[in-house]
Structures are given as structure tokens and as C-alpha cells.
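Below is one structure, written out as C-alpha cells; the observations come after it.
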Amino acid sequence: MKQNVLSIEAIETGTVIDHIPAGQGLAILRQFKLLHHGTAVTVGFNLSSRQMGSKDIIKIAGIMLDDHAANRLALFAPQATVNDIEAFKVVRKRALTLPQTISEVFCCPNGNCASHGEPVNSRFYVSTHEGETRLRCHYCEKTFPRQLVTEV
Ligand SMILES: [Zn+2]
């Protein structure tokens, strides 16, 4: 078990995104363009977690996520926590709330939707139903479970 303790290095200031479901870490890195900030990003995949079995962790040195970005994260990992780090200490732990709408990130699964083939950005209204995240398309007004909606 020792390697799980050593696998992620502490950061002085920045953000630690913890409790990401195993396998979602890469999607988050890609969506948030975390590798383009020019800062050090450390990622741990499939770390053991007492709560979750296994999880991914992302540490971003020198970057604080704003609430808008943190809430977008909830669409990928609703149970994730965002820890703000200063002087190697967690100064704030943020639980995530789903945004009300999301644009540009997802593609409508409805092949006949007007958002395809038009020069428009996708746009979805976010809701939850019995613990499941749902997205309703602004253009065709159909509702889809989050896991059926793929990223652009
Ligand atoms: Zn649509």
C-alpha cells in the first residue's frame, strides 16, 4: 500500500481535485485543458480510496478554480471535492453544485437535433432526477441521462 501514499506529491499552492471516480480523471484533464496552463499538473489514477474503492486525483500547482469551473466539474464527477491549497495546507474544501446550464462541452445525442450541422454551440439545461444527472437540449428539448451525452 506504500506506493499509494507516495504517488502524489504535495503542492504549495493550487488546487487538488479529489474523489474523482476512477477513469474520469482523463476526461477532466481534457475538458478543462489543464495541461495547457503551463503549470505542473500531477495526476493519480486508480488510487485506493476507503469511500470509493478506487479514485483518480488531480493536483494543479498555482491555479485556483473559480466556482464556475468547479461546478462544471460536477458534470463529470458530482462527488468530487475541490481543495484549495495554500502553504501546503488545505484552506478550503468545496463541495460541488451542478451548474444550471452547460454550453459547448457536450454534443446532443439526438441525430436529428438542430444543433448538428448548424454553426451553434450546444446548450443543455441541467437537472437531477433520483440522483441521476440529466441534460435537456436547448434545441430539440429532449432530455438525456448525463452518461449518454458525449463530450464534443
Ligand atoms: Zn438536441
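The values are calculated or read from the model by the stated rules, or taken from the named source; none is laboratory data. Small disclaimer: the values here were computed from a predicted structure and weren't measured. Here the Cβ positions follow ideal geometry from the backbone for every residue, glycine too, while neighbour counts run over all protein chains shown.
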TODO: Might you check whether a residue that is within 16 Å of the ligand (Cβ to nearest atom) and over 13 Å from the mean Cα position of the chain (by Cα) occurs anywhere in the range 42-58?
DONE: no
- [ ] Of all residues in the range 86-101, count the ones that are out of contact with any Lys or Arg (no Cβ under 8 Å at 6 or more places or on another chain), within 22 Å of HIS19 (Cβ to Cβ) and modelled with pLDDT of 90 or more.
- [x] 11
- [ ] Go through the range 125-152 and give me each residue that's near the ligand (Cβ under 10 Å from one of its atoms) and closer than 20 Å to LYS33 by Cβ.
- [x] VAL149
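Just checking, how many residues over the range 100-124 are touching a Leu at 6+ places or on another chain (Cβ under 8 Å) and within 12 Å of the ligand (Cβ to nearest atom)?
Count: 3.
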TODO: Please tell me if ARG72 is in contact (Cβ under 8 Å) with a residue 40 or more places away in the chain, within 18 Å of ILE20 (Cβ to Cβ) and within 16 Å of the ligand (Cβ to nearest atom).
DONE: no
Open item on the list: Need the failing condition index for ALA80 against (1) within 15 Å of the chain's Cα centre (by Cα); (2) touching a residue at least 60 places away in the same chain (Cβ under 8 Å); (3) loosely packed, with under 14 Cβ neighbours inside 10 Å, just the number.
Closed with: (3)
